[in-house]
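Structure first, commentary second.
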Amino acid sequence: MTAKAKILLIDDHRTVLRLLEAILKLKGYELLYAENGQQGMAMARQEQPDLILLDVMMPEIDGFKVCQYLKGQAETADIPVVFLTARGAEGDLATGQRVGAQGFLTKPFLAREVLDTIERLLARSREG
């Protein structure tokens, strides 16, 4: 893979953003940051990232609503979304799938798990 993908991180916890940054920058990914759902939706429309890592529990607009909005917009509908959450309940997984997410990682997550998920989804979106 020559050009590294652009990944949008949407999370209201700076510690999580810094951890993801440490994991993803080592692999050369270009990173964009949003600290809330509103900012994340605007940035996704503007920047057209290759993939979005999205926190579920955020103030004002939760990740489920952000994903549902993005999947309903023509310009962002095809961007793969992976939820990051401290809540790993089956209901959350079902809701995530219903609103269009392609992946679900439970915090605390392992670096390898994050990278494997991202690489798998990016390869799939390049194929078609």
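Is at least one residue of segment 73-80 of a type in the set (A, V, I, L, M), under 22 Å from LYS4 (Cβ atoms) and touching a Leu at 6+ places or on another chain (Cβ under 6 Å)?
Scanning segment 73-80, I find no residue that is of a type in the set (A, V, I, L, M), under 22 Å from LYS4 (Cβ atoms) and touching a Leu at 6+ places or on another chain (Cβ under 6 Å), so the answer is no.
Any residue at all in segment 15-30 that is in contact (Cβ under 8 Å) with a residue 12 or more places away in the chain, within 21 Å of MET58 (Cα to Cα) and of a type in the set (S, T, N, Q)?
no
If I ask for residues that are in a helix (DSSP H, G or I) and either surrounded by 19 or more Cβ atoms within 10 Å (Cβ to Cβ) or hydroxyl-bearing (Ser, Thr, Tyr) (or both), which ones from segment 94-120 would you list?
Those that are in a helix (DSSP H, G or I) and either surrounded by 19 or more Cβ atoms within 10 Å (Cβ to Cβ) or hydroxyl-bearing (Ser, Thr, Tyr) (or both): THR95, GLY96, VAL114, THR117, ILE118.
Could you tell me whether any residue of segment 58-66 is within 11 Å of LEU8 (Cβ to Cβ) and either aromatic (Phe, Trp, Tyr) or in contact with a Phe, Trp or Tyr (Cβ under 8 Å, 6 or more places away or on another chain) (or both)?
no
All of the numbers you see were taken from the coordinates with simple rules; none came from a lab. Worth saying up front: this structure is predicted, and the values here are computed from it rather than measured. A quick note on method: Cβ atoms are made from the backbone with ideal geometry, for glycine too, and the neighbour counts reach across all protein chains shown.
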